[in-house]
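These notes concern the structure reproduced below.
The values are calculated or read from the model by the stated rules, or taken from the named source; none is laboratory data. These numbers were taken from a predicted model, which means no experiment stands behind them. For neighbour counting, all protein chains shown are included, and Cβ atoms are generated from backbone atoms with ideal geometry for every residue, glycine included.
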């Protein structure tokens, strides 16, 4: 499954479908829950996420947040929101 918050991405329609079902997607990479995820593809084993600095803040250049692509064993868990 591919999920993306970006409208131009192939996974955006799946993201909308998950939202319309009232579900939340928890994303795991090598067993560690991921935050700040932009796009996830469990078949490709990739997570595109906003980069976080050592201070815990999102990293930006000018007005743009920086993304990083990481790979490994990706799991998408759909659940009802808390």
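Residues are listed down the side, and each one gets a yes or a no for (1) touching a helix residue (DSSP H, G or I) at 6+ places or on another chain (Cβ under 8 Å); (2) at pLDDT 95 or above:
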{"site": "2", "(1), (2)": "yes, yes"}
{"site": "8", "(1), (2)": "no, no"}
{"site": "30", "(1), (2)": "no, yes"}
{"site": "67", "(1), (2)": "no, yes"}
{"site": "80", "(1), (2)": "no, no"}
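Scanning segment 7-33 for residues that are surrounded by 15 or more Cβ atoms within 10 Å (Cβ to Cβ), without any contact (Cβ under 8 Å) to a residue 24 or more places away in the chain and more than 12 Å from residue 78 (Cβ to Cβ) gives a single hit, 12. Looking across segment 34-82 at every residue that is at positive phi and surrounded by 11 or more Cβ atoms within 10 Å (Cβ to Cβ), the one that is nearest to the chain's Cα centre (by Cα) is identified as 36.
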